[in-house]
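Trainee: There's a structure below that I have some questions on.
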Amino acid sequence: MLERIIKAYNEAVFETDKEAAFEVINEAMAQGLTAEDVVFKVVIPAVEEMMADITRNPDANLAQHFMTAQIAAEVTERMLEKFKHPPEIIGRVVIGTAAGDLHSLGKRIVMGCLKALMVEVVDLGVNVPAEKFVDEAVAHDAQVIAVSAMMVHTATGENGCRKVREILCQRGLEEKIKIVVGGAPYRFDEALYKSVGADGWAADGITASRMIIGLIRVVKDGGGP
């Protein structure tokens with residue numbers, strides 16, 4: 001039964017058919033699958049396969065993967081309400097687009113994947129000042145700040161990632177909170193993330209999830225490389 005459900009769910013999300021995906025999930029639960037089974041045996045493997053597909057195929061359809069991530073996040077959120085015991089959260093991240101930047105697609109893909117992978121996400125929205133990134137990270141005990149920028153001047157601007165790094169240093173938080181960046185400017189210059197003070201970068205919204213989870217584990221292991 002489980003293999004049939006996995007196949008049906010994967011087909012639904014491949015077609016970006018949210019209604020069909022929920023029909024599969026509802027049927028699965030009617031046949032005895034628990035909410036935990038749905039998340040850990042159906043949804044998360046589908047997200048991980050999607051992330052692997054991006055790695056194998058850089059030209060993969062990101063719009064399709066965006067919808068897959070959103071469906072996964074919504075299914076996960078609904079299932080979490082039905083868990084017998086609250087699941088263990090891997091970690092926390094605050095995410096937003098840099099000051100002066102109003103683009104949000106890449107950020108939303110990251111959020112969808114992270115939520116499905118048991119990472120708590122605080123969405124700060126767009127046009128976020130550097131101080132707010134740090135203040136919210138501290139307030140929510142986040143291990144990672146994720147800064148998205150789709151334009152060169154917002155990626156390299158004085159109130160972007162550079163300022164976030166400066167504030168973390170001033171407050172002695174460099175080992176407690178890591179920074180990951182993403183967006184078009186970083187794809188054109190793969191060394192740019194270092195010059196703006198980030199700990200890592202991702203080429204797209206999906207592989208960013210893997211990077212963020214890795215940095216969360218670095219912080220939890222003591223902050224070293």
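Each value in this text was obtained by applying a stated rule to the coordinates, not by laboratory testing. Bear in mind the structure is a predicted one, so any value in this text is a computation, not a measurement. FYI the Cβ positions are ideal-geometry reconstructions off the backbone, even for glycines, and counts take in every protein chain you see.
Trainee: Find out how many positive minus negative residues lie around VAL121, taking Lys and Arg as positive, Asp and Glu as negative, among other residues whose Cβ is under 9 Å from that of VAL121.
Mentor: On the way: positive: ARG92, LYS115; negative: GLU120, ASP123.
Neighbour charge sum, excluding VAL121 itself: 0.
Trainee: Which trypsin sites (Lys or Arg not before Pro) in the stretch 169-202 pass both tests, a DSSP loop state and at most 13 other beta-carbon atoms within 10 Å?
Mentor: Numbers: sites: ARG171, LYS176, LYS178, ARG187, LYS194; in loops: ARG171, LYS176.
In loop regions of the stretch 169-202 (DSSP not H, G, I, E or B), the sparsely surrounded trypsin sites (Lys or Arg not before Pro) are ARG171.
Trainee: I've got another one for you. For the stretch 91-220, with only Lys/Arg (+1) and Asp/Glu (-1) charged at the beta-carbon, what is the dipole magnitude about the Cα centre, in debye rounded to 20?
Mentor: On the way: 16 positive and 15 negative charges, 58 e Å.
I would put it at about 280 debye.
Trainee: Across the chain, where is the longest run that never hits GluC sites (Glu not before Pro) in a DSSP loop with at most 11 other C-beta atoms within 10 Å?
Mentor: Details: sites that count: GLU81, GLU88, GLU158, GLU190.
Longest stretch, sites excluded: 1-80.
Trainee: Can you check what the net charge comes to around ARG217, using other residues whose Cβ is under 12 Å from the Cβ of ARG217 (Lys, Arg +1; Asp, Glu -1)? Mind dumping the intermediate values first?
Mentor: Numbers: positive: LYS178, ARG210, LYS220; negative: ASP221.
Once positives and negatives cancel, what remains is +2.
Trainee: Using only helices, what value at 222 nm comes out for the chain when you add -39,500 (n - 2.57) per DSSP H run of length 4 or more and divide by the total residues, to the nearest 500 deg cm²/dmol?
Mentor: Numbers: 11 runs with 118 residues, N = 225.
Computed mean residue ellipticity for the chain: -16000 deg cm²/dmol.
Trainee: About its Cα centre, how strong a charge dipole does the stretch 2-80 have in debye, to the nearest 20, once Lys and Arg get +1 and Asp and Glu get -1 at the Cβ?
Mentor: Numbers: 6 positive and 15 negative charges, 22 e Å.
Dipole of the stretch 2-80, to the nearest 20 debye: 100 debye.
Trainee: What is the stretch 91-220 by shape, rounded, prolate or oblate, if you read a ≥ b ≥ c off the alpha carbon gyration tensor as root eigenvalues and call it rounded for a/c under 1.5, prolate for a/b larger than b/c, and oblate otherwise? Show your work: numbers first, answer last.
Mentor: Details: a/c = 1.34, a/b = 1.07, b/c = 1.25.
It comes out rounded by the Cα gyration axes.
Trainee: Measure off 7 Å from each Cα along the Cα-to-Cβ vector at GLU131 and LYS41, then give the distance between these two points in nanometres to one decimal.
Mentor: Between GLU131 and LYS41, the label points sit 5.1 nm apart.
Trainee: Among the helices of the chain (complete DSSP H runs), which have Cα atoms covering no less than 24 Å along the helix axis and a Kyte-Doolittle mean of at least 1.6?
Mentor: Numbers: long enough: 62-80 (26 Å, 0.37).
Helices meeting the criterion: none.
Trainee: If you don't mind, there's one more thing I want to ask. Which residue, MET118, ALA46, TYR193, has the largest displacement toward the positive end of the dipole of the chain when charges sit on each Cβ (Lys, Arg +1; Asp, Glu -1)?
Mentor: The listed residue farthest towards the positive side: TYR193.
Trainee: Once you order the gyration tensor axes a ≥ b ≥ c over the Cα atoms, which shape class does the chain get: rounded for a/c under 1.5, otherwise prolate or oblate by comparing a/b with b/c?
Mentor: Because a/c hits 1.5 or more and a/b exceeds b/c, the chain counts as prolate.
Trainee: What's the magnitude of the charge dipole for the chain around its Cα centre, counting Lys and Arg as +1 and Asp and Glu as -1 at the beta-carbon? Answer in Debye, nearest 20. Mind dumping the intermediate values first?
Mentor: On the way: 24 positive and 33 negative charges, 102 e Å.
Here the chain has a charge dipole of around 480 debye.
Trainee: Report the local net charge at PHE133: Lys and Arg +1, Asp and Glu -1, summed over other residues whose C-beta lies under 11 Å from its C-beta. Before the final figure, lay out the partial values.
Mentor: Numbers: positive: LYS132, LYS163, ARG165; negative: GLU131, ASP135, GLU136.
That sum, taken over residues with Cβ under 11 Å, equals 0.
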